[in-house]
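Notes to accompany the following structure.
The values are calculated or read from the model by the stated rules, or taken from the named source; none is laboratory data. Given the structure is predicted, the values throughout are model-derived calculations rather than measurements. Note that each Cβ is placed from the backbone with ideal geometry, even for glycine, and that neighbours are counted across all protein chains shown. SASA here: full protein model, heavy atoms, side chains in, ligands and nucleic acids out. Shrake-Rupley method; radii C 1.70, N 1.55, O 1.52, S 1.80 Å.
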Amino acid sequence: MQPEYLPFPALLCSVLSISRQHYEVTLDPGRALLSWRKLRPRSVKGRTRAGSVTVPLTEIVSVEEAEIDGKYCNSMKWQHMCKPHAFTVRYIKRMKKHRWRCGEVTFWCSEEQMCCHWLQALNDALNQQTHRPKHLLVYINPYGGCKKGKQIYEKKVAPLFSAAGIAADVVVTEYANHARDNLYDVNLEKYDGIVCVGGDGMFSEVLHGLIGRVQKDSHIDHNNPSACLSRCSIRIGIVPAGSTDCVCYATVGINDPVTSALHIILGDCQPLDVCSIHHKKNFLKYSVSLLGYGFYGDVLKGSENNRWLGPARYDFSGFKTFLTHHWYEGTVSFQPAKWVIGSPRDNKPCTSGCHVCRQSSKQLQELQKEQNCRFEHSEEEWTTIKGKFMAINAVSLSCACPRSPKGLSPAAHLADGSADLILVRKCSRLNFLRHLIRHTSKKDQFEFPFVEVYRVKNFQFTPKHFEEYDTESTDIGNVSKKNFAQICTDHPSCVCSHVNSSWNCDGETLDQTAIEMSDKKVKRRLLLMT
Ligand SMILES: Nc1ncnc2c1ncn2[C@@H]1O[C@H](COP(=O)(O)OP(=O)(O)OP(=O)(O)O)[C@@H](O)[C@H]1O
Ligand SMILES: CCCCCCCCCCCCC/C=C/[C@@H](O)[C@H](CO)NC(=O)CCCCC
Ligand SMILES: [Ca+2]
């Protein structure tokens, strides 16, 4: 029976078989849908229409001619035909809690010509998905998380990439910063995207390599805090294989390698805020998730020498840090992000295609055009807060992760050009514990008198000790800042409880404590938040 079709883009409708059952299969290019529904035998009257499956063409992973094995042919009584014809479609199956799986269905055709027609029509539809990557550069960190990066990639991701016709050049890193350094030499034009198989630290490495390379190529000095960084067009994909994986979790909604691989195959994309951190005009680091001083800085510091514990190192260190209950004195000053239309407590989490991000970015661009790059050091009001803090956290995204499904700042936006600054002032152990536990429940973790949160464009922090002994302003010469911190610790007579914490920047410790952070650019990435 000839397929019934109308002038191209043809609506294609045929009766095909799926494991011995007849189905009416329809390809509707106009609505960009592929659907199939079981045909009930005539005799069964009045039954409700059998379940039918509908897949958007944008969610078809691959289409290929099906291999036909001998035994199947015999069992299918195809003898009266020269050769059966079938094609297999792989597509996205959405499961619970943002998890995706790759569904697969094989359609059997009665004639070869019909099979070729379907293959042609479906491949034409796939070829129109022009934003899908074809050639990827993959960095695998065999060392992060549970040290299963390689197995995760080989068993769960590579088969999907090859099914989708994606060529991947794989680099298994041999030392820390191998991926970052490699990105300065590699020929980026060859690739549609870079994939990092690892945790947040691995993503941070690739991010630094890519941004550093692009600024070097465009002769921009990232030491200049107000430099407008040039945009990176290439996208970064994450296959989660780390301990926190908060960048992946906060964008995709889950830290599952197959889900992330499928998002990468579809070419989904999510812009992302990146903050730069400087110390007196010297560039230190970029940050996309958490820049934390105090509690999270100490948790990270305490976890570094327990890497053999894998992800549990953070829980062990978190418990120890909680018991020590240190607080730190210093001065925080910041400029509010005036262009944003959201606020950290509006309970409007960032979602795919987020309206708040889009609107805020538009208003940010208008503001920047108005003030044409004076924007960076516009002297509009700085708010200054001196005090004793348990934690100072600046987050560019929610920092949702398996430990805290809603994150440090649940309503932080991925691409609104701002960061949420959370100040947790000195409080009792019990109150601090209540605040922490709120991160794992639905209750509002900001609902405490000792917690303040602001949506900022930038901020600065100076620990108490550096205010008094700042080498520039005193005649003590070149004694390094660290020594004064040391002097303080060595002399028990000193009143401050503990000198300084360290900054946790996306899971790596910064060696400076007095810093300036500013929200820089919106970067493109290969992953979509669901
Ligand atoms: N081959 C390697 N050997 C040693 N260290 C490496 C290697 N490759 C990468 N690294 C470093 O390991 C650090 C940790 O990796 P990663 O962040 O992926 O895992 P993690 O810290 O367990 O996860 P998370 O950051 O999500 O908590 C990164 O800072 C990275 O620079
Ligand atoms: C008694 C119950 C208390 C429950 C407390 C739950 C609070 C969890 C908040 C989790 C915040 C994660 C912020 C993510 C930061 C990442 O860039 C960084 C690198 O991956 N991870 C850590 O620093 C690891 C940080 C780990 C902190 C525990
Ligand atoms: Ca942000």
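Using the average count of surrounding beta-carbon atoms within 10 Å as a protection proxy, the listed peptides 200-212, 433-445 rank, highest first, as 200-212, 433-445. Suppose R0 equals 35 Å. What FRET efficiency, 1/(1 + (r/R0)^6) with r the Cβ-Cβ distance, do R31 and R231 give to the nearest 0.05? Approximately 0.55, to the nearest 0.05.
Along the Cα-to-C-beta direction of Q129, a point sits 7 Å from the Cα; which residues of segment 143-161 have their amide N less than 19 Å from that point? Zone members listed by number: 156-161. Compute the whole-percent fraction of alpha carbon pairs in segment 131-268 spaced more than 24 Å apart. Tail of the P(r) past 24 Å holds 27 percent of the pairs. Available extension along the chain between S343 and T324 is 3.6 nm, counting 0.36 nm per residue and deducting the alpha carbon span.
Could you tell me what percent of the DSSP beta bridges with both partners in segment 72-214 are antiparallel, to the nearest 5? Numbers along the way, then the final one.
Values: 10 of 21 bridges.
Bridges in segment 72-214 that DSSP calls antiparallel: roughly 50 percent.
Close amide H partners of V197, meaning residues 5 or more places away or on another chain with modelled amide H under 5 Å apart, are Y139, I140, N141, V239. Taking 0.36 nm per residue of separation and subtracting the current Cα-Cα distance, fully stretching the chain between D185 and L430 would add 83.0 nm.
Assign one of three labels to segment 219-268, namely rounded, prolate or oblate, based on the Cα gyration tensor with a ≥ b ≥ c the square roots of its eigenvalues; rounded applies when a/c is under 1.5, prolate when it is not and a/b is larger than b/c, and oblate otherwise. It is prolate, given that a/c is not under 1.5 and a/b is the larger ratio. Cross-link pairs exceeding 21 Å between alpha carbons, from the set K280/K301; K216/K457; K97/K406; K93/K156: K280/K301; K216/K457.
Among 289-299, 224-234, the peptide with the highest mean count of other Cβ atoms within 10 Å heads the list, and the full ranking is 289-299, 224-234. Hydrodynamic radius of segment 273-431 by the Kirkwood approach over all distinct alpha-carbon pairs: 17.4 Å.
Descending by average beta-carbon neighbour count within 10 Å, the peptides 162-170, 387-395 line up as 387-395, 162-170, the highest first. Label positions at N224 and E380, each projected 7 Å from the Cα along the C-beta direction, are separated by 2.3 nm.
Only protein heavy atoms count here; on that basis, with a 1.4 Å probe, R101 has an accessible area of about 70 Å².
Over the Cα atoms of segment 230-367, compute the convex hull volume and normalise it per residue, giving Å³. Let's see the in-between values first.
On the way: hull volume 25.1 nm³, N = 138.
With only Cα atoms used, segment 230-367 gives 182 Å³ per residue.
Using the 1.4 Å probe convention, the accessible area of segment 131-268 works out to 36 Å² per residue with neighbouring protein chains retained. The alpha-carbon of K443 sits under 15 angstrom from the alpha-carbons of these aspartates and glutamates, leaving out residues fewer than 8 places away in its chain: D346.
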